[in-house]
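Asker: Just passing along the structure, written as structure tokens.
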Amino acid sequence: MKIAIIYSSITGNTKLLAETIKNELKEDAVYFGKPNDDIDADIYFIGSWTNKGDASIDIINYLKKLKNKKIAYFATAGYGGSSEYYNTLFNRVKQYIDSSNTILGSFYCQGKMPIQVKERYVKMITEHPEDKNLEVSLKNFEDALTHPDKKDLENVKKWVNKILK
Ligand SMILES: Cc1cc2nc3c(=O)[nH]c(=O)nc-3n(C[C@H](O)[C@H](O)[C@H](O)COP(=O)(O)O)c2cc1C
């Protein structure tokens with residue numbers, strides 16, 4: 001079976017999932033890297049970081065082009081812990097996938113964010129100490145710092161094996 005792993009990652013979180021998927025395969029992936037129009041595979045593992053509630057633009061554009069493929073989607077997001085949130089994110093991504101494709105499944109986990117995000121929250125808290133949502137965002141930032149963690153990587157491996165069964 002020809003398996004391609006196509007992903008977009010700025011700070012390495014989604015890349016770590018992609019590498020974990022690659023290492024979990026019994027055979028070498030026929031493709032591992034950025035979106036590319038020349039990929040020919042039986043299963044397309046496609047991964048993205050979350051950008052303002054959406055996939056990254058290169059992944060959106062790539063998904064839009066695919067027809068009659070089997071797609072397994074994986075992603076990291078700064079906000080975590082809630083399958084409801086991940087469902088919302090994936091529902092948005094699904095809009096880019098043509099109905100001729102088969103969606104084999106999706107996997108999400110939390111991914112640490114750059115320190116500038118924390119600095120922005122801290123500044124906003126000093127300006128708006130009454131805004132409790134900012135405290136929640138700051139806590140989420142701290143929670144994200146260890147992700148993807150060992151458990152996330154175990155979970156993505158399990159997910160891969162379920163997809164390939
Ligand atoms: C410009 C920007 C926008 C982001 N937007 C969101 C978002 O809307 N929701 C979310 O959960 N995480 C968001 N994040 C967090 C990243 O998706 C998260 O840290 C991800 O794991 C980064 O993946 P990467 O290391 O593969 O680039 C954003 C990060 C950046 C830099």
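Asker: Scanning the stretch 1-12 for residues that are closer than 14 Å to ILE163 by Cβ and in a strand (DSSP E or B), which turns out nearest to the ligand (Cβ to nearest atom)?
Answerer: Applying the filter and picking the extreme gives ILE5.
Asker: From the list LYS26, LYS64, pick out the single residue that is more than 27 Å from LYS165 (Cβ to Cβ) and away from the ligand (no atom under 16 Å from the Cβ).
Answerer: Answer to the check: LYS64.
Here's the yes/no breakdown for (1) touching a helix residue (DSSP H, G or I) at 6+ places or on another chain (Cβ under 6 Å); (2) within 16 Å of the ligand (Cβ to nearest atom); (3) among the hydroxyl-bearing types (Ser, Thr, Tyr):
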residue	(1), (2), (3)
THR14	no, yes, yes
ALA18	no, yes, no
LYS22	no, yes, no
LYS34	no, yes, no
ASP38	no, no, no
ILE43	no, no, no
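Asker: Criterion first (of a type in the set (Phe, Trp, Tyr), farther than 24 Å from ASN140 by Cα and within 15 Å of the ligand (Cβ to nearest atom)) does PHE90 satisfy it?
Answerer: No.
Asker: Let me ask something additional. The conditions are (1) within 10 Å of the ligand (Cβ to nearest atom); (2) closer than 20 Å to GLY12 by Cα, and ILE59 fails exactly one of them. Which is it?
Answerer: Here ILE59 clears every test but (1).
Rule-based calculations on the coordinates, nothing more; no lab input. The shown structure was predicted, so the numbers you read here are calculated from the model rather than taken from an experiment. Note: ideal-geometry Cβ built from the backbone for every residue, glycine included; neighbour counts use all protein chains shown.
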